[in-house]
Amino acid sequence: MNDVERALAQISDIRAQLAASTRFRGFAPEAMALTGALSFAAATAQTLWPETLAQDTLRYIAVWSGVMIASTIIVAIEAISRSRALDGRMAGGVLGATLRQVLPIAAAGAVITFMICKFSLGSAWMFPGLWQILIALVGFSVISNLPHAIIWAAGWYFLCGTIVLGLAGRTGTLSPWMMGAPLAIGQAMVAFILHRASGDVDDRG
């Protein structure tokens, strides 16, 4: 490796380190609030029409998997557009650094969901609690790239996941509000934290 290649490699490393330590501003409060509203709507719909949306375990899981996928798409689309607008040339690096923290946990959730549905449906009572704990881990993993107050939302999800695991373990049943209430409140917390953080940035600007 000659001096030019070494210098380029060092510049690339510096850019990667800078991206990893830069606050990610792609997550929009509005998108987070929308995902919370979607969770509340799903739980309400399952409560009102259980024979259609929660008649059996697979249907319950299908509804909430759909909510998770839709929420991910909403947040991802907004995150990409906002990051490009706010972070400029750093957008790719900052977005990539955040994705490297989030994607392994999301993949773990998908694998756990598939394996339990395929081979151990009797253990499906664990889904709400496990999903919430995984969301908590996502929150803890991105603290360095988001407002530090996000730790409160992550803690909320971890606490709810633990409680829901205990409640579901006692009864072995799934309730719409085991998912709906923690997600609706948790996403509202995230939206509020992001909104306050964006206001602080504007004030400093």
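The values are calculated or read from the model by the stated rules, or taken from the named source; none is laboratory data. On a predicted model such as this, the values are computed, not experimentally measured, just so you know. Please note: Cβ atoms are built from the backbone with ideal geometry, for glycine as well, and neighbour counts cover all protein chains shown.
Values for this structure:
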quantity: Residues (modelled with pLDDT of 85 or more and crowded, with 17+ Cβ neighbours inside 10 Å) located in segment 74-100; calculated: 74, 75, 78
quantity: Set 135, 116: member being closer than 28 Å to residue 59 by Cα, in contact with a Phe, Trp or Tyr (Cβ under 8 Å, 6 or more places away or on another chain) and crowded, with 21+ Cβ neighbours inside 10 Å; calculated: 135
quantity: Criterion violated by residue 113 - all others in (1) over 13 Å from the mean Cα position of the chain (by Cα); (2) at pLDDT 95 or above; (3) among the hydroxyl-bearing types (Ser, Thr, Tyr) satisfied; calculated: (2)
